[in-house]
1. How much accessible area per residue does the stretch 59-109 have, in Å², with a 1.4 Å probe?
2. Need one number: nm distance between label points at LYS206 and LYS194, each 7 Å from Cα along Cα→Cβ, rounded to one decimal.
3. Between the stretch 75-119 and the stretch 148-205, what's the alpha-carbon centroid distance in Å?
4. For q = 0.23, 0.25 Å⁻¹, what log10 I(q)/I(0) does the stretch 164-207 give under the Debye formula with an equal point scatterer on each alpha carbon and no solvent?
5. Rounded to whole Hz and in sequence order, give me ³J(HN,Hα) for the stretch 125-132 from the Karplus expression 6.51 cos²θ - 1.76 cosθ + 1.60, θ = phi - 60°, writing x for Gly and Pro.
6. Using the basic label-point model (7 angstrom from Cα toward the beta carbon), what is the LYS130 to ASN64 distance in nanometres?
7. Which ³J(HN,Hα) values, rounded to whole Hz and listed in residue order, are derived for the stretch 136-149 from phi using the Karplus coefficients 6.51, -1.76 and 1.60 in 6.51 cos²θ - 1.76 cosθ + 1.60 with θ = phi - 60°, glycine and proline given as x?
8. Whose amide H sits under 5 Å from the amide H of PHE123, counting only residues 5 or more places off or on another chain, with H placed in the peptide plane?
Amino acid sequence: MQTQSMLLDTLDLDLTQKLSSRRALFGLSATKLGVLATAPLILAAVSTAAFGQEMPKQVVDVLNFALTLEYLEDEFYRTALAAPGLIPAEFAPVFAQISKHETAHVATLKGALGAAAVAKPEFDLTARGKYHDVLTNFKTFAAVSQALEDTGVAAYKGQAGALAGAGKVLTIALQIHSVEARHAAEVRRVRGVKAWTGAFDKPLTKAQVLAIAKPFIVG
């Protein structure tokens, strides 16, 4: 299916190979899903098969933590792309691509977690009014985008140790981490600021990440 191929093309090559096994598994999942087959649903089905259902509680907790952040990023970009006149035409392809990645990340993590996946929270993309014009002012939107991507990068880095020994789960988390870092650099390019300033980057603890994300979560 063309939609499936387009989704695969948005993913890191190694991640694609891990999940799809040369895309054959995607075709099998599409057949099983029938009329319900969409790219995110197929990706979720494939990742469930790739990871398996049994995971330690610590790993489940980390993946749900990551999933909550990915839910936020996914909704942030999809909502922004639908907001009339917010994103200039020259940058629309950039954020459309990032949005596709975030949707794929959500599907992958949900697939890995299966029934243990947390439900999507209700979000306030203005962070309870802190960024009141985030969906009407491109400068504000881009600044919040950078902040979210930076937070995601630091969050994955901060939780990597908790996934030590988790095999495929750790591999996928690190691959998502690297893509989030590319997002952060690309958003900086769009904003006209330096992509990075130092040779080393700092992780954030779960508490630090939640403090940043909490204003966006309202239910």
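The values are calculated or read from the model by the stated rules, or taken from the named source; none is laboratory data. From a predicted model like this one, the values you see are computed outputs, not experimental measurements. Cβ atoms come from the backbone with ideal geometry, glycine included; neighbour counts cover every protein chain shown. Quick note on the areas: whole protein, heavy atoms, side chains included, nothing else; ligands and nucleic acids left out. Shrake-Rupley method; radii C 1.70, N 1.55, O 1.52, S 1.80 Å.
1. Working: 1650 Å² over 51 residues.
Each residue of the stretch 59-109 exposes 32 Å² on average to a 1.4 Å probe.
2. 3.4
3. With the stretch 75-119 and the stretch 148-205 each reduced to a Cα centre, they are spaced 17 Å.
4. So the normalised log intensities work out to -0.93, -0.99.
5. 5, 8, 6, 6, x, 4, 10, 4
6. Inter-label distance under the simple model: 2.4 nm.
7. After applying 6.51 cos²θ - 1.76 cosθ + 1.60, I find 10, 10, 4, 4, 5, 4, 5, 5, 5, 4, 4, 4, 5, 5 Hz.
8. Amide H to amide H, under 5 Å and 5 or more residues apart or across chains, PHE123 pairs with VAL218.
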